[in-house]
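J.: Quick one: this structure, given as structure tokens, is what I'll be asking you about.
The values are calculated or read from the model by the stated rules, or taken from the named source; none is laboratory data. Quick caveat: nothing in here was measured; it's all calculated off a predicted structure. Here the Cβ is made from the backbone with ideal geometry for all residues, glycine too, and neighbour counts use every protein chain on show. Ligands, DNA and RNA are excluded from the accessible area calculation, which covers all protein heavy atoms including side chains. Shrake-Rupley method; radii C 1.70, N 1.55, O 1.52, S 1.80 Å.
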Amino acid sequence: MAINLQKGQRESINAPKFVIGLGWDTNSSSTGSAFDLDASIFIMGDNRKLLADEFFVFYNNATSPDGAVEHTGDNLTGAGDGDDEQIKVDLSKIDSRATEICIVITIHEAESRRQNFGQVRNSFIRIMEAGSGTELLKYELEEDFSIETAVEFGRIYKRNNEWKFEAVGAGMKGGLQDYLNKYN
């Protein structure tokens, strides 16, 4: 049985290999343009900065250099049920300097398309066991991010040699470049 998390809640991840599933629904009729939400992963060290540029994993850099994190592809529409994008994680391969994996969703061309997360609903992040697909943790974002164009859904962090997930749900008015500036 999966644990449904509340904002700020933290839980241990008791699986070395897992899949991060991200999902959302959009109201494209509100702007006339299709929504393209993008998942990005920042693999960071103790200083909360990227280990190196190659540890920024997204649709144009699908795999981290250590092979521990793999983005499975960009979903351009968010149509359909279930996960819209997935990231595979194998903690047994992760760089020894890594202590945090931050999961961010941004709206592609949000400013020019006049889109924000207030027009997105049913957003969630979940963690599933890699082999069985059994859902371990799930966090449904319930806030209305009416001006935000990027949201940090959650983070996976290492404390005392144990990996945990924190349900973050923090919005930002800005885009991917703002997160790159923050974590670089």
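J.: Got a number for residues in region 135-184 being of a type in the set (Ser, Thr, Tyr) and closer than 20 Å to ILE3 by Cα?
T.: Of the residues in region 135-184, 2 are of a type in the set (Ser, Thr, Tyr) and closer than 20 Å to ILE3 by Cα.
J.: I've got another one for you. If a residue must be open to solvent by less than 30 Å² (accessible area, probe 1.4 Å) and part of a loop (DSSP other than H, G, I, E, B), how many such residues does region 38-51 contain?
T.: From region 38-51, those open to solvent by less than 30 Å² (accessible area, probe 1.4 Å) are 38-45, 50; that's our starting set.
Of the ones still in play, those that are also part of a loop (DSSP other than H, G, I, E, B) are 45.
Here the count works out to 1.
J.: Provide a single number: the residues in region 100-146 that are hydroxyl-bearing (Ser, Thr, Tyr) and over 30 Å from ARG159 (Cα atoms).
T.: Number of matching residues: 2.
J.: While we're here: Test each condition in (1) modelled with pLDDT of 90 or more; (2) over 26 Å from GLU109 (Cβ atoms); (3) not charged (D, E, K, R) for TYR183 and report the one that comes out false.
T.: Here TYR183 meets the rest and fails (2).
J.: Residues of region 100-125 being under 12 Å from the mean Cα position of the chain (by Cα) and either open to solvent by 50 Å² or more (accessible area, probe 1.4 Å) or among the aromatic types (Phe, Trp, Tyr) (or both), which ones?
T.: PHE124, the sole residue that qualifies.
J.: Check whether at least one residue in region 87-99 is part of a loop (DSSP other than H, G, I, E, B), closer than 18 Å to VAL19 by Cα, open to solvent by 40 Å² or more (accessible area, probe 1.4 Å) and at pLDDT 85 or above, and report yes or no.
T.: The answer is yes; a qualifying residue exists.
J.: Check off (1) at pLDDT 85 or above; (2) within 28 Å of GLU129 (Cβ to Cβ) for LYS49 and give me the number that stays unchecked.
T.: Of the numbered conditions (1) at pLDDT 85 or above; (2) within 28 Å of GLU129 (Cβ to Cβ), the odd one out for LYS49 is (2).
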